[in-house]
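J.: Sending over a structure as structure tokens; questions will come in a sec.
The numbers here are math on the coordinates, done by the rules we state, and not lab data. Computed from a predicted model, the values in this text were never measured in an experiment.
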């Protein structure tokens, strides 16, 4: 979008600071309120994995934005100028995982969990805010930035979701992961999602399959929003001469492994 670079840099910096502070505050609050001071329990929940990825992505985006503005030679290889920068590969990977996973956890929460659980951990105001503001930020950021969204990149989030499933199963086998049932009652020595109860593997496996299906739907939604952004940009910002591409970064991060400058004919 035709906005001053300094304003965009400020936006990136503020978003990174807010999300990092929010993650730290949420961890401190839930650790003190629900986990008896054991901060490691905060990482049992998929929502918090997604939350950490979202904050990490915001930090990487802010750093990359500043470096590209002030030290572009740190990103663009002066010898192999047509090579895709590794920093943008990392940025794009994190962006896809954090954006898709945010929509998945929000949809799962408001589509089911929030209405069947009486646990204060799940229904607290902080939890409701965390499961709402994350997706609002992701959608707003998608329209503000120029990062492309590809359908095939859903496999990045599927890989992360698979890691969480393995972690959850191993955690149950080693420590016991089910304490919070749908009425908020204690069921074990550790904490976790009651619908990921590996004592009943059929229920847990069905939950995992449904979660992976939601990843596909979330990525499809993000791709549609990305196409809508391109259409809006072409219609309302044609003066930037970028109707057929979102930005120079999208040109860098293309289906091709080469880098094409906007200044080239």
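J.: Could you tell me what fraction of 2.2 N^0.38 Å the Cα radius of gyration of segment 1-55 comes to, as a two-decimal ratio?
T.: Normalised Cα radius of gyration, segment 1-55: 1.49.
J.: Going by Cα centres, segment 1-26 and segment 202-238 are how many Å apart?
T.: 23
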